[in-house]
Amino acid sequence: MNHATTNPDPASAPDPLAIALSKLDPSPHGFNRDSLMFAAGQTSKLNALLFWRATAAIAIVTAGVFATLYFTRPTKIEYHERQVIVDSGK
């Protein structure tokens with residue numbers, strides 16, 4: 001069986017689909033890539049900014065609460081009686 005006759009040489013015959021596609025012009029996409037990227041960056045920046053502002057606010061409130069509790073706690077006064085042992089066995 002001769003396989004050369006059953007498979008035609010693909011380089012000799014141009015593909016009709018490739019010819020039809022090469023004649024088409026690309027359509028304009030209708031959007032500006034740079035403006036979309038800028039808008040996405042601004043939105044991302046805004047979200048990150050809000051997150052860090054909220055985190056800083058929570059940290060300040062927490063520090064204020066702990067400072068208030070630390071500096072307004074009642075002072076402990078402890079009295080210790082000293083026991084003096086006198087050895088009078090001389």
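Here are some notes:
- Top of L24, L50, L36 by mean-square fluctuation, Gaussian network on the chain, Cα under 10 Å: L24
- The chain, accessible surface, carbon-and-sulfur percent (1.4 angstrom probe): 64
- Sites matching trypsin sites (Lys or Arg not before Pro) across the range 32-86 that sit in DSSP coil, with at most 14 neighbouring C-beta atoms within 10 Å: K76, R82
- Rolling a 1.4 Å probe across all protein chains gives D25 an accessible area of roughly 140 Å².
- Considering helices alone, the calculated mean residue ellipticity of the chain at 222 nm is -18500 deg cm²/dmol, with DSSP H runs of length four and up weighted by -39500 (n - 2.57) and normalised per residue.
- Cα Rg, Dmax, the chain, angstrom units: 42.7, 133
- Cut-off 13 Å between beta-carbons: net charge of the residues surrounding A39, Lys and Arg +1, Asp and Glu -1: +1
- Within the chain, the longest segment free of exposed loop sites, counting chymotrypsin sites (Phe, Trp or Tyr not before Pro) that fall outside DSSP classes H, G, I, E and B and have at most 14 other Cβ atoms within 10 Å, spans 32-78.
The values are calculated or read from the model by the stated rules, or taken from the named source; none is laboratory data. Here the structure is a predicted model, which means the values were calculated and not measured. Note that we place each Cβ from the backbone using ideal geometry, even for glycine, and neighbour counts take in every protein chain shown. Calculation scope for accessible area: heavy atoms of the full protein, side chains included, ligands and nucleic acids excluded. Shrake-Rupley method; radii C 1.70, N 1.55, O 1.52, S 1.80 Å.
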